[in-house]
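Engineer: Let me begin by handing over the structure; questions about it come next.
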Amino acid sequence: MRVNRLLAAALAAATLAGTAPALQPPASAAQPSSFTDLSDPKQAEAAEFLKLLGVVNGVPGGAYNPSGTLSRAEFCKMAVSALDRADEELAQRGRTIYFDVGPTHWARGYINLASTITLGSDSDGKGGTALVAGAGDGNFYPDQPITYGAAVAILCRMLGYGVNDVATGGAWYDGYLATGAANGLTDGIYLSGDDVIDRGQAAILFYNLYFTKSKGSDKTYLVSMGGKEEEGGIILDTDATADDGTTGSVETTKGTYKTDRSFDPSLEGQEGKAFLDKDGKLLAFQPKEGTSQKSVNVLSTSTTYLTISGGDKLDVEPDTVVYQDGKATTWDKVYLNVASSTAVTFHYGANGKLAYLFFPSESADGPTVMVARSTPNGTVNPFSGMAGGGTYTMFKNGVAASASDIRQYDVATYDSGTRIIQVSDLKLTGIYENASPSPSDPTSLKVMGHDFPVLSTARNDLSSFKVGDKITLLLTSDGRVAGAVPATAVKGEAVGIATVSKGDGNKSTATVKLLQGGLEVKGEVSSGAADTYNNQLVTVTSNATGRLSLNKISGSAAKGTLDVAARKLGEKEIAENVAIYDRVKDGAMVAVEYEDLSAAAIPSSKISFVSYDYAGRVKYLVLDDATGDAYTYGYLSYTSAETQWVDDESRPIYKKDNLGNFELDENGNKILLGYEKQLETTGTPTLCVRQGDKDGKEVVSSKGSFIGSVRNGAAGGVAYGADGKVVASVYLQSLTGVNRTAFDPEEMTVTVAGVAYPVSDTVQCYNKTTKTWFAPGKDGMEAARAYSDDLTLYYDRAPSEGGKIRMIVVP
């Protein structure tokens, strides 16, 4: 093992943040050090490691003095300590071996002990070599600086190499230097044998010792001294609490390690090897060699990919392992709950393939969260100090930002691992409903029916409020309270999609899922709110405990055409993290990725709402059936209402004689024979589609009530309203005899007669020959192509109008 690899890896891996998906290997970054004057990350890591093992202590005042010289006596003490024999030193103080190491010399015991320790053996298996020796004149010269050659010779002897195990050379130390270079002991140090070694270089030399194999052994020196090297798993938390309550521990997927040092949070998410002392405490962690990672900022998510700041899409298979909140899950289980502007790290194996995703642990409290209390001047970033004067990348609401984008009351969260500053302008105005455990020292508070975690930065603010007050919460991008101000100071304009359900009497309940942060708030609304706000894009506030105040988003009719390629609506730029929804009539709104807009332009007549962000860019768009994505596609399945003939009691039938006169019974009443029949309709006609699920099994979409007629079994689509009713249906048009070579799987397009048709990411795929479904999407498309080179494709509208291939059928 080479120290330049171990140090560069054992030090925290600094990940890249940005838009380019190119992979980069881990780079060195300084680990937390208890020594105050170590700026070189390799020396800092080495010194910290040796301190844990009792080999070094530093100098008074908490410094290490890396450029200072190291005496021969000091090096003896380090060597004896590294041999774990320092407890024998006291017994060696009472005798004199060297004339110049008298009873008053502080290192007398260490020098005498080192001189009596014999290590290694000669090539014939006999004898050994003393750890240190004097100058041949009866003196040791303890206070002279130790040379590089002498230092390497001593450590080679500790590894078991005797005088007869090393080659001879022009100088007595040449053989030791050659041996040290061959086994990695001297990696990272470039000195001549007579050069004086300083304290920083000595730290690296001793550090190398622990990861060098002893002579004739497959064990490193660390293991030979009782330490351990083991697969440590993936680091989940560098500041965890062990089962016995020990804080500052390191939690990995293999377990929790106690440690007497601090590890940089940038190691979280790294898989690698753990190095332990003889007591099982963690000394160092080496990330797995050959792996790489990339930290990105999320704009939006889908079942099979993740869109990052800049618009690039990174593929993620549904079964990709995801580590979030210290637990392992899979992408298909979490992608819907990943909020915009969330940081995530892609970890790639040595083969270059995605191995897993890691969401950094939330340590953003205290100094890592900051509120812009005053109005920024637009040129100085008030949050730059969070990075400690180093380089950083900043995003606001998921979009790359600069100082000019910062506004008063914005909240910044700094992640030291990725060196990313996340800025949020999410604010929520409502009634302060409750606090836990108490209003005087809250760790969480309730507003609009939602319990928000409270960070320490907000507790001073909250001390001036009481339950029942109307306040504005200043929230981090993931919905934690970083600050609070009176509602009169600033009003939150939180935007979300409302779901309103009617209750008993005049009561209705609304749940609003906010677009920013993915939070849900809940409360009572007016009885007529269901008709006005259900499935609408709204702003939400609260003026009374337990109640919500909703307003349709303050948008306006679009001015101009949406130029998709130019990312402009009229003269307005489209925000990088624009939220787009499409719907049919007043049906359910469906989220649409900007990159999935296949039409070159969308006219203003197809845009229902438009709203803008703080910089005047288009932030929200609601389209009117502009993409076709609001339909559910498959084979139409219509069920008519049930009908039956029943008696119409208003139309009785009486018995008559041959002359047409009513016959009477003995009481003079007409004789009833029965009633005329009428056709009675019961139930409601419904419409749905037959389609395949992710496992390729046939399923039926929701059966919505439907007034109209369709061709049962035709390829088509159904659009649903928020109440589950069918608001529209559409027939698909066919392209027959399409060869498998017409497809471009990477671009998800198919070219027929010179026209390129986009293929929907959720395209339905059916095999009429076997009467079975393939999984929807690209996998199903590829399975259909593999099965046949004669396919029938169904599309909803021309590509120029936003159409896509919605079904692929093996005829």
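Engineer: If you scan region 439-457, which residues turn out to be out of contact with any helix residue (DSSP H, G or I) (no Cβ under 8 Å at 6 or more places or on another chain) and closer than 23 Å to Ala544 by Cβ?
Structural biologist: Ser444, Lys446, Val447, Met448, Gly449, His450, Asp451, Phe452
So that you can scan it fast, the table gives a plain yes or no per residue for (1) farther than 26 Å from Asp198 by Cα; (2) at pLDDT 90 or above; (3) surrounded by fewer than 17 Cβ atoms within 10 Å (Cβ to Cβ):
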| position | (1), (2), (3) |
| --- | --- |
| Ala82 | no, yes, no |
| Gly127 | yes, no, yes |
| Gly134 | no, no, no |
| Phe140 | no, yes, no |
| Gly149 | no, yes, no |
| Arg157 | no, yes, no |
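Engineer: A further question on this structure: Residue check: is Ala566 touching a Gly at 6+ places or on another chain (Cβ under 6 Å), modelled with pLDDT of 90 or more and assigned to a loop (DSSP other than H, G, I, E, B)?
Structural biologist: Judged against the criteria, Ala566 is not a match.
Engineer: What's the number of the condition Thr751 fails, among (1) more than 28 Å from Ala719 (Cβ to Cβ); (2) of a type outside the set (A, V, I, L, M); (3) in contact with a Leu (Cβ under 9 Å, 6 or more places away or on another chain); (4) part of a strand (DSSP E or B)?
Structural biologist: Going through the list (1) more than 28 Å from Ala719 (Cβ to Cβ); (2) of a type outside the set (A, V, I, L, M); (3) in contact with a Leu (Cβ under 9 Å, 6 or more places away or on another chain); (4) part of a strand (DSSP E or B), Thr751 breaks only (3).
Engineer: Given the condition crowded, with 17+ Cβ neighbours inside 10 Å, in contact (Cβ under 8 Å) with a residue 40 or more places away in the chain, β-branched (Val, Ile, Thr) and over 30 Å from Arg785 (Cβ atoms), answer yes or no: does some residue in region 703-711 qualify?
Structural biologist: No.
Engineer: Report whether or not Ala626 is loosely packed, with under 13 Cβ neighbours inside 10 Å, of a type outside the set (S, T, N, Q) and either out of contact with any Leu (no Cβ under 7 Å at 6 or more places or on another chain) or not assigned by TED's automatic domain parsing to the domain that holds Glu576 (or both).
Structural biologist: no
Engineer: Taking the stated definitions as given, is Tyr757 of a type outside the set (A, V, I, L, M) and more than 22 Å from Ser637 (Cα to Cα)?
Structural biologist: Details: of a type outside the set (A, V, I, L, M): yes; more than 22 Å from Ser637 (Cα to Cα): yes.
Yes: the conditions hold for Tyr757.
Engineer: Can you tell me which of (1) surrounded by 17 or more Cβ atoms within 10 Å (Cβ to Cβ); (2) in contact with a strand residue (DSSP E or B) (Cβ under 8 Å, 6 or more places away or on another chain) is the one Thr69 doesn't meet?
Structural biologist: (1)
Engineer: Any idea which of (1) buried (at least 19 other Cβ atoms within 10 Å of the Cβ); (2) under 17 Å from Ala615 (Cβ atoms) is the one Asn377 doesn't satisfy?
Structural biologist: (1)
Engineer: So which pairs qualify, if the first residue must be in region 188-216 and closer than 24 Å to Leu53 by Cα, the second must be among the acidic types (Asp, Glu) and assigned to a helix (DSSP H, G or I), the Cβ gap must be under 8 Å, and the two must be at least 6 apart or on different chains?
Structural biologist: Filtered contacts from region 188-216: Tyr207/Glu45; Lys215/Asp165.
Conditions (1) within 33 Å of the chain's Cα centre (by Cα); (2) crowded, with 18+ Cβ neighbours inside 10 Å; (3) part of a strand (DSSP E or B); (4) at pLDDT 90 or above, marked per residue:
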{"residue": "Glu576", "(1), (2), (3), (4)": "yes, yes, yes, no"}
{"residue": "Ala579", "(1), (2), (3), (4)": "yes, yes, yes, no"}
{"residue": "Lys585", "(1), (2), (3), (4)": "no, no, no, no"}
{"residue": "Glu595", "(1), (2), (3), (4)": "yes, no, no, no"}
{"residue": "Ser608", "(1), (2), (3), (4)": "no, yes, yes, no"}
{"residue": "Tyr614", "(1), (2), (3), (4)": "yes, no, no, no"}
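Engineer: Outside the structural domain of Phe383 (by TED's automatic domain parsing), within 20 Å of Ser424 (Cα to Cα), of a type in the set (Val, Ile, Thr) and surrounded by fewer than 23 Cβ atoms within 10 Å (Cβ to Cβ): which single residue out of Val467, Val540, Val512, Val495 fits that description?
Structural biologist: Val495
Engineer: Which residues, taken from region 793-811, are crowded, with 19+ Cβ neighbours inside 10 Å and more than 16 Å from Val699 (Cβ to Cβ)?
Structural biologist: Leu793, Tyr794, Tyr795, Asp796, Gly802, Gly803, Lys804, Ile805, Arg806, Ile808, Val809, Val810 - these are the residues of region 793-811 that are crowded, with 19+ Cβ neighbours inside 10 Å and more than 16 Å from Val699 (Cβ to Cβ).
Engineer: Now for a different question. In region 742-749, is there at least one residue being closer than 30 Å to Ala498 by Cβ, more than 34 Å from the chain's Cα centre (by Cα) and buried (at least 17 other Cβ atoms within 10 Å of the Cβ)?
Structural biologist: No: zero hits.
Engineer: Now a separate question. Enumerate the pairs (first residue in region 28-42 and charged (D, E, K, R); second residue anywhere and modelled with pLDDT under 85) with beta-carbon separation below 6 Å, excluding pairs fewer than 6 apart on the same chain, so at least 6 apart or on different chains.
Structural biologist: Here the result reads Lys42/Leu7, each pair linking region 28-42 to a residue that is modelled with pLDDT under 85.
Engineer: Checking Asp693 against (1) within 30 Å of Gly780 (Cα to Cα); (2) surrounded by 13 or more Cβ atoms within 10 Å (Cβ to Cβ), which single condition isn't satisfied?
Structural biologist: Against the list (1) within 30 Å of Gly780 (Cα to Cα); (2) surrounded by 13 or more Cβ atoms within 10 Å (Cβ to Cβ), Asp693 comes up short only on (2).
Engineer: Looking at the structure I just gave you, is Ile497 hydrophobic (A, V, I, L, M, F, W, C), modelled with pLDDT under 95 and farther than 21 Å from Glu520 by Cα?
Structural biologist: On the way: hydrophobic (A, V, I, L, M, F, W, C): yes; modelled with pLDDT under 95: yes; farther than 21 Å from Glu520 by Cα: no.
For Ile497, the condition - hydrophobic (A, V, I, L, M, F, W, C), modelled with pLDDT under 95 and farther than 21 Å from Glu520 by Cα - is not met.
For every residue, the table says whether it meets (1) touching a Ser or Thr at 6+ places or on another chain (Cβ under 7 Å); (2) crowded, with 20+ Cβ neighbours inside 10 Å; (3) within 26 Å of Ser71 (Cα to Cα).
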| residue | (1), (2), (3) |
| --- | --- |
| Asn183 | yes, no, yes |
| Thr186 | no, yes, yes |
| Asp195 | yes, no, yes |
| Ala203 | no, yes, yes |
| Asp218 | no, no, no |
| Leu222 | no, yes, yes |
| Gly226 | no, no, no |
| Glu231 | no, no, no |
| Leu236 | yes, yes, no |
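Engineer: A further question on this structure: Output the qualifying pairs, or none if there are none: Cβ atoms under 6 angstrom, residues six or more apart or on different chains, first residue in region 585-607 and under 24 Å from Met748 (Cβ atoms), second residue hydroxyl-bearing (Ser, Thr, Tyr) and assigned to a loop (DSSP other than H, G, I, E, B).
Structural biologist: Partner pairs satisfying both residue conditions: Val592/Thr627; Ala601/Thr561.
Engineer: Considering only region 250-292, state which residues are surrounded by 21 or more Cβ atoms within 10 Å (Cβ to Cβ), polar (S, T, N, Q) and modelled with pLDDT under 90.
Structural biologist: Ser266, Gln286
Engineer: Counting just the residues of region 360-373 that are of a type outside the set (Val, Ile, Thr) and at pLDDT 90 or above, which one comes out farthest from Thr329 (Cα to Cα)?
Structural biologist: Step by step, filter region 360-373, then rank; the result is Arg373.
Engineer: Residue by residue through region 754-811, note down the ones that are outside any helix (DSSP H, G or I), under 25 Å from Asp624 (Cα atoms) and among the small types (Gly, Ala, Ser).
Structural biologist: Across region 754-811, the qualifying residues are Ala756, Ser760, Gly777, Ala798, Gly802, Gly803.
Engineer: Given the condition assigned to a strand (DSSP E or B), within 30 Å of Arg797 (Cα to Cα) and not polar (S, T, N, Q), answer yes or no: does some residue in region 636-649 qualify?
Structural biologist: Within region 636-649, one or more residues are assigned to a strand (DSSP E or B), within 30 Å of Arg797 (Cα to Cα) and not polar (S, T, N, Q).
Engineer: Quick one: what pairs do we get from region 666-688, first residue closer than 30 Å to Ser729 by Cβ, second modelled with pLDDT under 85 and polar (S, T, N, Q), C-beta under 6 Å, 6+ apart or different chains?
Structural biologist: Leu679/Thr643; Glu680/Gln644; Thr681/Thr643; Pro685/Ser640
The values are calculated or read from the model by the stated rules, or taken from the named source; none is laboratory data. Because the structure is predicted, anything quoted here is derived from the model rather than measured. Methodologically, a virtual Cβ is constructed for each residue, glycine included, from the backbone with ideal geometry; neighbour enumeration extends over all protein chains shown.
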